[in-house]
1. Mind telling me which of the residues E23, E8, E39, E15 ends up being of a type in the set (D, E, K, R), touching a His at 6+ places or on another chain (Cβ under 9 Å) and either farther than 22 Å from Y106 by Cα or touching a residue at least 24 places away in the same chain (Cβ under 8 Å) (or both)?
2. Kindly list, by first and then second residue, each pair from a residue in region 77-105 that is without any contact (Cβ under 8 Å) to a residue 60 or more places away in the chain to a residue that is in a strand (DSSP E or B) and open to solvent by 50 Å² or more (accessible area, probe 1.4 Å), limited to pairs with Cβ atoms under 7 Å and residues at least 6 apart or on different chains.
3. Suppose the filter is at pLDDT below 90 and under 21 Å from R207 (Cβ atoms); does E192 pass it?
4. Within region 170-179, is there a residue that is among the basic types (K, R) and either at positive phi or part of a helix (DSSP H, G or I) (or both)?
5. When you look at K108, is it more than 16 Å from K52 (Cα to Cα) and free of Cβ contacts under 8 Å to residues at least 24 places away in the same chain, yes or no?
6. Would you check which residues across region 205-248 are outside any loop (DSSP other than H, G, I, E, B), aromatic (F, W, Y) and in contact (Cβ under 8 Å) with a residue 24 or more places away in the chain and list them?
7. Could you tell me which of the residues G41, G18 is out of contact with any strand residue (DSSP E or B) (no Cβ under 9 Å at 6 or more places or on another chain), on the phi > 0 side of the Ramachandran plot and open to solvent by 40 Å² or more (accessible area, probe 1.4 Å)?
8. Can you tell me which residues in region 115-153 are aliphatic (A, V, I, L, M), touching a residue at least 24 places away in the same chain (Cβ under 8 Å) and either open to solvent by 60 Å² or more (accessible area, probe 1.4 Å) or not in a strand (DSSP E or B) (or both)?
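The values are calculated or read from the model by the stated rules, or taken from the named source; none is laboratory data. The model shown is predicted, which means the values in this text are computed figures rather than measured ones. Methodologically, a virtual Cβ is constructed for each residue, glycine included, from the backbone with ideal geometry; neighbour enumeration extends over all protein chains shown. Each accessible area value is taken on the protein alone, full model and side chains, heavy atoms only, with ligands, DNA and RNA left out. Shrake-Rupley method; radii C 1.70, N 1.55, O 1.52, S 1.80 Å.
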Amino acid sequence: MDETNKLEPNTFYVEVSGAGLPEVDGLFIPSTAPPAESESGTLSSVGYWNGKRAWDRADGKAARSPALSYSNSYRSWRISRLDGHLAYDITCEDELPPTDREWHVYKKGVAPAPKVVVHYYDPRKPCPRPNVVFVLGGPGAGKGTMCELAEHQLGWTHLSMGELLRAERERGGATADTIKTIVAAGQLVPNEITVTLLKNTMETIIRTTGKQNFLLDGFPRSLSNLEGWYEIFGRDIDLPKMLYFECPYPVLEK
């Protein structure tokens with residue numbers, strides 16, 4: 001039996017954006033090209049090329065199939081233009097197209113090099129629901145410490161509402177000025193902003209890492225927050241489970 005038949009199905013999706021060539025941008029889906037011999041003499045199977053996963057353009061317009069694949073000869077990932085000529089590449093042996101390094105502009109490419117994002121779920125479909133646990137307790141009760149332990153030892157994702165708001169403010173997003181003004185006045189950020197930020201963050205993490213388990217540190221802080229959760233996530237699903245850390249007031253005061 002050929003080794004390529006033992007490969008796991010390619011279930012990843014790749015999104016390319018910000019390329020100097022707009023025709024390169026877009027969604028790439030697992031390749032359905034039939035088995036063929038590559039330039040290095042390797043027989044590839046459906047969804048793979050040269051032993052690594054491979055992708056076609058979702059719109060099916062590229063002349064080359066796969067349009068995003070790995071070259072054994074050049075030890076590099078490559079993205080083609082619509083006419084089949086290569087536009088961008090990156091030399092490495094990563095199992096998936098790198099998302100943390102800048103790609104190289106190839107012969108038929110145009111600067112700047114694109115940004116590449118790998119999705120664990122088809123971005124054209126609804127995102128799988130997160131598995132969430134609310135983590136509550138007084139300031140100093142150990143919420144953050146225990147969440148960090150769970151993150152490192154159990155693989156859960158720890159999200160702190162305060163850190164998310166600070167990151168959003170520093171990023172300069174659409175709600176950055178609103179958050180800055182409200183926080184400066186010592187008020188609570190509206191539910192629409194906080195819960196939407198939580199939802200978008202969790203969806204991004206689920207799609208790009210495959211992780212679906214989340215610990216929400218310090219949320220909800222009020223019944224109003226809880227109502228905001230219902231408004232964004234709906235009332236047709238059960239509320240998340242909750243961990244509440246009890247701690248004597250004298251200890252919290254210290």
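1. Checking each option against the conditions leaves just E15.
2. Short answer, once both residue conditions are applied: D89/H104; I90/H104.
3. No; evaluated as a whole, the condition is false for this residue.
4. Scanning region 170-179 turns up at least one residue that is among the basic types (K, R) and either at positive phi or part of a helix (DSSP H, G or I) (or both).
5. no
6. Of everything in region 205-248, those that are outside any loop (DSSP other than H, G, I, E, B), aromatic (F, W, Y) and in contact (Cβ under 8 Å) with a residue 24 or more places away in the chain turn out to be F214, W229, F233, Y244, F245.
7. Criteria check complete, one pass: G41.
8. Result: A141, M146, A150.
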